[in-house]
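The structure appears right after this line, and notes come after that.
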Amino acid sequence: MASSKEYLEFVLEQCSGLSARAMMGEYVLYYGGKVVGGVYDNRLLVKPTKSAKALMPNAEYQLPYEGAKEMLLVEDIEDKDFLKKLFKAMYEELPEPKKKK
């Protein structure tokens, strides 16, 4: 099942600096130009970085799609302050985007 544009728009409204790119009916999420996670089947999933695991110690691991690595499910998507704190902390741990040739 593909994610709805309404769900994606809601997630994007929750945190400034967050952007998305459509990919096969789902959406990859970027914060400050770095991939932080995505919207899959109307679920917000993020990479399991140390800071994400520390901020969400009881988060459930879920597969975004068959054959992918597990990601953390963000359940409280209505808490703007939490999301900003989460993405900001994750940003520091994620690698810089690769330069295009």
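The values are calculated or read from the model by the stated rules, or taken from the named source; none is laboratory data. Keep in mind it's a predicted model, so treat the numbers as computed, not measured. Note: ideal-geometry Cβ built from the backbone for every residue, glycine included; neighbour counts use all protein chains shown.
Summary table below
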{"quantity": "Strands (runs of 3 or more DSSP E) lying entirely in region 1-48 (those with 3 or more residues that are closer than 17 Å to LEU73 by Cβ and not small (Gly, Ala, Ser))", "calculated": "26-31, 34-40, 43-46"}
{"quantity": "Unmet requirement for ASP76, which otherwise passes all of (1) touching a helix residue (DSSP H, G or I) at 6+ places or on another chain (Cβ under 9 Å); (2) part of a loop (DSSP other than H, G, I, E, B); (3) at pLDDT 95 or above", "calculated": "(3)"}
{"quantity": "Options GLU96, GLU92: the member that is among the acidic types (Asp, Glu), modelled with pLDDT of 90 or more and not in a strand (DSSP E or B)", "calculated": "GLU92"}
{"quantity": "Complete set of residues in region 55-98 that are within 25 Å of MET24 (Cβ to Cβ) and among the basic types (Lys, Arg)", "calculated": "LYS69, LYS98"}
{"quantity": "Total residues in region 49-65, condition in a loop (DSSP other than H, G, I, E, B), in contact (Cβ under 8 Å) with a residue 24 or more places away in the chain and surrounded by fewer than 16 Cβ atoms within 10 Å (Cβ to Cβ)", "calculated": "1"}
{"quantity": "Residues located in region 66-98, provided they are of a type outside the set (Asp, Glu), free of Cβ contacts under 8 Å to residues at least 60 places away in the same chain and surrounded by fewer than 12 Cβ atoms within 10 Å (Cβ to Cβ)", "calculated": "GLY67, LYS69, LYS98"}
